[in-house]
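Novice: Can you keep this structure in mind? I'll have questions shortly.
The values are calculated or read from the model by the stated rules, or taken from the named source; none is laboratory data. Every value quoted in this text rests on a predicted model; they were computed, and no experiment measured them. Cβ: placed from backbone, ideal geometry, glycine included. Neighbour counts: every protein chain shown. To get the accessible areas, we keep the full protein, side chains included, count just its heavy atoms, and leave off ligands, DNA and RNA. Shrake-Rupley method; radii C 1.70, N 1.55, O 1.52, S 1.80 Å.
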Amino acid sequence: MNILAQVLENRGWLLADGATGTNLFDIGLEAGEAPELWNFEAPDKVQSVYQGAVGAGSDIILTNSFGGTSARLKLHNAQNRVKELNERSAQLARDVALKSGRRVIVAGSVGPTGELLHPVGTLTEEEASEIFSEQIEGLLEGGVDLIWAETISSAEEFRAVAAAAAVHSAPWCGTMSFDTAGRTMMGVTAPDMVQLVNELEHKPLAFGANCGTGASDLLRTIIGFTKANPSVPLIAKGNAGIPKFVDGHVHYDGTPELMGDYAVLARDCGAAIIGGCCGTRPQHLEEMKRRLLNDPKGSVPDLDAIQERLGAFSSPADGTEDTAPPIRQRKRRRG
């Protein structure tokens, strides 16, 4: 039995953590800085983010390594520090987990390379897999329990992570960001992702959606997964509301109460691992944990009920219509 199944068998759901980036910005990280460098430059601050999630009740914490590939670190002239930065991120998280006095799963965060893969771009799956393999090696040496790919947008990059995890015989999870009218920016739909997972030789322990455009949209995607009969548990890691620019900074308007509603709705929609992405702070996680513990499981909500409690969908369609939205190229850092 894998590490996630052991816990899910006892309770039926797990609370993941919140936003690494948001919480680091709250304590001094500047726009344009590489959070991964803080693993050495400000380890106490990095651990305070881990501790915030653990103290709020999270069962899973993700390492401060989202941009820890050579492809991303080269933007900061740190491409030769992949192993040490990832290993250090894992060690810092493992230390917090061990001191918690309970079972806390440490997941090694792996974000996208920031490059477009063939046939749209020039990076091949094999090259991407080698890039991810280097990062994964560092995370495993640092003591993570599993690898956690997040904010992936293409099937090719998702397969590359799977192949890299297989090289190291590492258990892994993976989420995509469905932020383009129900699709990822590379056109993947919820049913597409279920099929992709089913076809992988080295399957994830769980898969799902993170980030995106809002909690309502993310739950519509979760329902799309469940309708396609997934073979492994589902992950929901939605943003804390909608981003808004205030005084030159991005703020998310989701209250703890809204995220509490989101958490129980995510569970009712079929998610077994529930957390937050951009804008999610410890106070959100505390309310999510409280509601998950105290609210009885309900039936799958209809789309109207989701909109009534969490706000309107950003698009009228769920991505499964015949016409795909245009591909958008962008580079994004985990919030």
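Novice: Please work out the Cα convex hull volume for the range 60-202 and give it in Å³ per residue. It would help to have the intermediate numbers written out before the result.
Specialist: On the way: hull volume 16.0 nm³, N = 143.
Taking the convex hull of the Cα positions in the range 60-202, it is 112 Å³ per residue.
Novice: Let's test the formula: R0 of 51 Å, r as the Cβ-Cβ distance of Leu75 and Thr320. What FRET efficiency results, to the nearest 0.05?
Specialist: Values: r = 35 Å, r/R0 = 0.69.
Efficiency for this residue pair is about 0.90.
Novice: If you average the C-alpha positions of the range 176-215 and of the range 70-94 separately, how far apart do those two centres end up, in angstrom?
Specialist: One Cα centre to the other: 26 Å.
Novice: Would you look at the GNM of the chain, springs on alpha carbons closer than 10 Å, and say which of Ala190, Ala78, Ala90 moves the most?
Specialist: Result: Ala78 has the largest fluctuation of those listed.
Novice: Something else about it: Share of the range 147-298's accessible area from carbon and sulfur, percent, 1.4 Å? Walk me through the numbers before you get to the answer.
Specialist: On the way: 2600 of 4960 Å².
Carbon and sulfur: 52 percent of the exposed surface of the range 147-298.
Novice: For Ile105, what residues show an amide H to amide H distance below 5 Å, using hydrogens built from the backbone and excluding near sequence neighbours?
Specialist: Those lying under 5 Å, H to H, from Ile105 are Ile60, Ile61.
Novice: Using only the alpha carbons of the range 1-100, determine the length spanned along each of the three principal axes and report them from longest to shortest in whole angstroms.
Specialist: Extents along the principal axes: 45, 28, 21 Å.
Novice: Compute the semi-axes of the equivalent ellipsoid of the range 162-237, taking the square root of 5 times each eigenvalue of the Cα gyration tensor, and list them largest first in whole Å. Could you put the intermediate results ahead of the total?
Specialist: On the way: eigenvalues 91, 30, 24 Å².
Whole-Å semi-axes of the equivalent ellipsoid: 21, 12, 11.
Novice: What does the helix-only formula give at 222 nm for the chain: each DSSP H stretch with n ≥ 4 adding -39500 (n - 2.57), the total divided by the residues, and the result rounded to the nearest 500 deg cm²/dmol? Don't skip to the answer; put the middle values down first.
Specialist: Values: 13 runs with 144 residues, N = 335.
-13000 deg cm²/dmol, from helical runs alone.
Novice: Run the count for the chain, please: Lys pairs, Cα-Cα under 14 angstrom, 8 or more apart or on different chains.
Specialist: For the chain, the number of qualifying lysine pairs is 4.
Novice: With unit charges on the beta carbons (Lys and Arg positive, Asp and Glu negative) and the dipole taken about the Cα centre of the chain, which residue among Thr122, Gly214, Ala165 sits farthest to the positive side?
Specialist: Checking the options against the dipole of the chain, the answer is Gly214.
Novice: What are the residues whose amide H is under 5 Å from the amide H of Gly276, where those residues sit 5 or more places off or on another chain and H is modelled from the backbone?
Specialist: Asp17, Gly18
Novice: Sticking with this structure for a sec: By how many nm would the segment from Thr255 to Val167 lengthen if fully extended, with 0.36 nm per residue of separation less the alpha-carbon distance? Walk me through the numbers on the way to the answer.
Specialist: On the way: separation 88, 0.36 × 88 = 31.68 nm, distance 4.14 nm.
Working it through step by step, the gained length comes to 27.5 nm.
Novice: Once the whole set of protein chains is in place, how much accessible area is left on Thr124, using a 1.4 Å probe, in Å² to the nearest 10?
Specialist: Surface accessible to solvent at Thr124 totals approximately 40 Å².
Novice: Going by amide H atoms built from the backbone, whose H comes under 5 Å of the H on Thr175, apart from near neighbours?
Specialist: Ala149, Glu150, Thr151, Ile152, Gly208
Novice: Among (i) 20.7; (ii) 21.3; (iii) 19.4, find the value of Kirkwood radius over Cα pairs in Å that was calculated from the structure presented, and write down its label.
Specialist: Among (i) 20.7; (ii) 21.3; (iii) 19.4, the one derived from this structure is (iii).
Novice: Could you check the simple spin-label distance between Asp304 and His202, using points 7 Å along Cα→Cβ, in nm with one decimal?
Specialist: My value for the distance between the label points is 4.7 nm.
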